Structures are given as structure tokens and as C-alpha cells.
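Down below is the structure, laid out as C-alpha cells.
The values are calculated or read from the model by the stated rules, or taken from the named source; none is laboratory data. Nothing here was measured: the structure is a model prediction, and the numbers come from that model. Using ideal geometry, Cβ is built from the backbone for each residue, glycine included, and neighbour counts are taken over all protein chains shown.
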Amino acid sequence: MEGLVFIMRRTMVSGVLLIVAAVVTMLLSSWLDLELEPTILLGVTAGAVVALLPDASAGRRIAGFVLGVLGCLVAYLVRAGYTPDTAAGRATYVGLALVLVVLVAVVSVGKLPLWSALLGAGTFAGAFESTYAAAPPRVVDNSVGAITTLLLCVAIGFLAAGLGESTRDREATRPDEPNDQDTTTDEQMETAK
């Protein structure tokens, strides 16, 4: 039961921090006219996923995410410059984006998780597709703003979720609670009787 309470508390802390971060970001964006609104929920939640999944080190998860974003951007550049605006052209873009993302994971020999690169590519596509569709020739100009906006929101989500996880780590290593590693083998054998 104690483990369940611990998980619920950890989830509440991370969830509340994410809610506060997203709401404050939305309000600041509105007040300062930053135009982050369309990307806040997508970016903050993607950043939280990168922070919360303990698959690899934080640096590797972030690197995979950023390389996924860049792989998707390269695919958009190829789409704008070399493929027709048809189903075949869009299919080429999707295939190229996924090939580049998979190559990131393969070339890194598993050091960069495939899921983080896929998440980066998908998040960028979700944030940029409507902007791209409105003006394909302006892909370079528009992509810079989209990447900046997206990565700012992702960083906010990552930091908020990371703060929640750091409270979990502190709670997990309280010095006042007994730890199984502090007991000797003899003590463990005696308690097992």
C-alpha cells in the first residue's frame, strides 16, 4: 500500500508542476505576445514524456528528440524543394522523415533511443504541418520560428516534469527509512525465519 501512495504522490507532484508550467506559459505568451499558444500543449507534454521515461540518460533522450526534429525538418525541406504536392510527394516526405529518424537510432548504436527521435519528428510535424501547408515556399523562414517555439515549450515541459522526478528521487532515498541494502545477510536470514 505504501508503494501505491508513493506512486500517486509522485504522479500528483509531476502533474501539478506540468499544469502550472503550461498555464503560466500560456498566460505569459498572451501577455508578452510571444505567439506560443498553438504549440504549448504539444510541446509541454512532449517535453514531459522525454523527462519522465527513464529509458536512457536525460542527455541522450534530449539528443534523440532534437535529432528527430531535425530529421523531420530535413524531410520538409526535401518535400518543399523536390517533391510535387501530391499524395506521392507527401508519402515521400513521410518515408524520408522516418528513414532519417531510424538512422539516428541505428547510427548511435542504441545510445539514442528510437522512441525519443520518433517523438521529436512527430512533435515537429504536428507543430509545423499547418504552417507549412499555408506557405510551402517559405519553409526555411517558417521552420525557424516553429522550431524555436516548439523547443521552448518542450524545455518548459521537460523542466517541470524533471522537477517532479527530482522530488521523487529525494523521497526514495530518505535517510530515516530503513533500506534493504543496509541490512546484512545474517539479519535478512533471521527476518526470513
From Leu151, Leu112, grab the single residue that is of a type in the set (A, V, I, L, M, F, W, C), surrounded by 13 or more Cβ atoms within 10 Å (Cβ to Cβ) and within 27 Å of Ser29 (Cβ to Cβ).
Leu151
Would you confirm whether or not segment 108-120 contains a residue that is in contact with a Leu (Cβ under 6 Å, 6 or more places away or on another chain), at pLDDT 95 or above, under 19 Å from Thr131 (Cα atoms) and in a helix (DSSP H, G or I)?
no
Would you call Arg10 touching a Lys or Arg at 6+ places or on another chain (Cβ under 6 Å) and surrounded by 15 or more Cβ atoms within 10 Å (Cβ to Cβ)?
yes
